[in-house]
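Sending over a structure as structure tokens; questions will come in a sec.
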Amino acid sequence: ISISQNMRRGALMRMRNGTFRLSQIPYGYRIDTSGRLSPQPDEAYIVQKIFDDYLSGKGIATIARDLEAQQIPKLRGLSKWSKHGIIYILTNERYAGNEMFRKSYRTDHIPFKKVENRGQKSRFFAEQTHPSIVPTETFERTQNLLKKKSLQFGKPQPTQPYSFTRKIRCGSCGAYYYRRVTTHGIQWVCRNHLQGHCSNKGIPEESLKETFLLFLHRLQEHQDT
């Protein structure tokens, strides 16, 4: 915990003065000899095309299907182009040459968990930290169109969480398990398993219920100790 706190203080200082360097390189960029983000021509062209297609009226799902059909190189870590991948690109301020630091943070105690920063902690915005892939005007028009469509079509109602939603984490990769209806019944599966990034298999929901009740009864039986 002490080592983690020291590292965070150093990272926070670099965020404040705009010298923080990302551990993951955004699609469309590479790291140049000076350690800064620099556009990678082949991928940068795809990013520009995504912005242009969206502003010309193409839907997000259509853009993803077109890229998948054309076998365009995918976002790192993803098995295929998806709506989430397109939204990630359309809303990422780095493509306009800016950087928003501390979009997420780690909790202070072990096990450290990654949490989306929705205002719980300070964020830092730095302008023109690296060459842009799309003009600022294009990026701002895209954000306005995204907001307009969100208001026009509304947001889907959040799904009702199940009993084990965000309660089970994979022992191998740390990702949450999610509920999936299969031909073998209801299973809880690691989110990274279907993408081929984790070898852990699914767990039948009935087995989880039985295990939960077993431990609950043990806790009740030994509650004094």
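Open to solvent by less than 80 Å² (accessible area, probe 1.4 Å), modelled with pLDDT under 85, hydroxyl-bearing (Ser, Thr, Tyr) and under 19 Å from the mean Cα position of the chain (by Cα): is that true of THR107 in this structure?
Judged against the criteria, THR107 is a match.
Residues that are under 20 Å from the mean Cα position of the chain (by Cα), modelled with pLDDT of 90 or more, within 16 Å of THR138 (Cβ to Cβ) and not hydrophobic (A, V, I, L, M, F, W, C): does the range 39-51 have at least one?
No, that holds for no residue.
Sticking with this one: Scan the range 161-192 for residues that are touching a Cys at 6+ places or on another chain (Cβ under 8 Å), open to solvent by less than 80 Å² (accessible area, probe 1.4 Å) and part of a loop (DSSP other than H, G, I, E, B) and jot them down.
CYS170, CYS173, ALA175, ASN192
Say we look at the range 193-222 and pick out the residues that are hydrophobic (A, V, I, L, M, F, W, C) and part of a helix (DSSP H, G or I); which of these is nearest to SER82 (Cα to Cα)?
As a first pass, look at the range 193-222 and keep what is hydrophobic (A, V, I, L, M, F, W, C): 194, 198, 203, 208, 212-216, 219.
Applying the additional criterion that residues be part of a helix (DSSP H, G or I) yields 208, 212-216, 219.
Working: LEU208: 31, PHE212: 35, LEU213: 38, LEU214: 40, PHE215: 39, LEU216: 40, LEU219: 44 Å.
Per the criteria, the residue is LEU208.
Here's a follow-up. If you check ILE72 against the conditions, is it open to solvent by 20 Å² or more (accessible area, probe 1.4 Å), more than 19 Å from GLN143 (Cβ to Cβ), at pLDDT 80 or above and touching a helix residue (DSSP H, G or I) at 6+ places or on another chain (Cβ under 9 Å)?
Against the criterion (open to solvent by 20 Å² or more (accessible area, probe 1.4 Å), more than 19 Å from GLN143 (Cβ to Cβ), at pLDDT 80 or above and touching a helix residue (DSSP H, G or I) at 6+ places or on another chain (Cβ under 9 Å)), ILE72 qualifies.
Report whether or not THR225 is part of a loop (DSSP other than H, G, I, E, B), under 19 Å from the mean Cα position of the chain (by Cα) and over 30 Å from GLU99 (Cα atoms). Even if it seems obvious, please write down each step before you answer.
Working: part of a loop (DSSP other than H, G, I, E, B): yes; under 19 Å from the mean Cα position of the chain (by Cα): no; over 30 Å from GLU99 (Cα atoms): yes.
Considered against the rule, which asks whether it is part of a loop (DSSP other than H, G, I, E, B), under 19 Å from the mean Cα position of the chain (by Cα) and over 30 Å from GLU99 (Cα atoms), THR225 comes out as no.
SER79 passes all but one of (1) modelled with pLDDT under 85; (2) in contact with a helix residue (DSSP H, G or I) (Cβ under 6 Å, 6 or more places away or on another chain); (3) open to solvent by 40 Å² or more (accessible area, probe 1.4 Å); which number fails?
It fails just one condition, (2).
What are the residues in the range 29-65 that are within 13 Å of PRO131 (Cα to Cα), open to solvent by 20 Å² or more (accessible area, probe 1.4 Å) and in a helix (DSSP H, G or I), if any?
Residue satisfying the conditions is PRO41 alone.
The values are calculated or read from the model by the stated rules, or taken from the named source; none is laboratory data. From a predicted model like this one, the values you see are computed outputs, not experimental measurements. No Cβ is skipped: glycine too gets one built from the backbone with ideal geometry, and neighbour counts run over all protein chains shown. Keep in mind that these areas ignore ligands, DNA and RNA; they rest on the heavy atoms of the full protein, side chains included. Shrake-Rupley method; radii C 1.70, N 1.55, O 1.52, S 1.80 Å.
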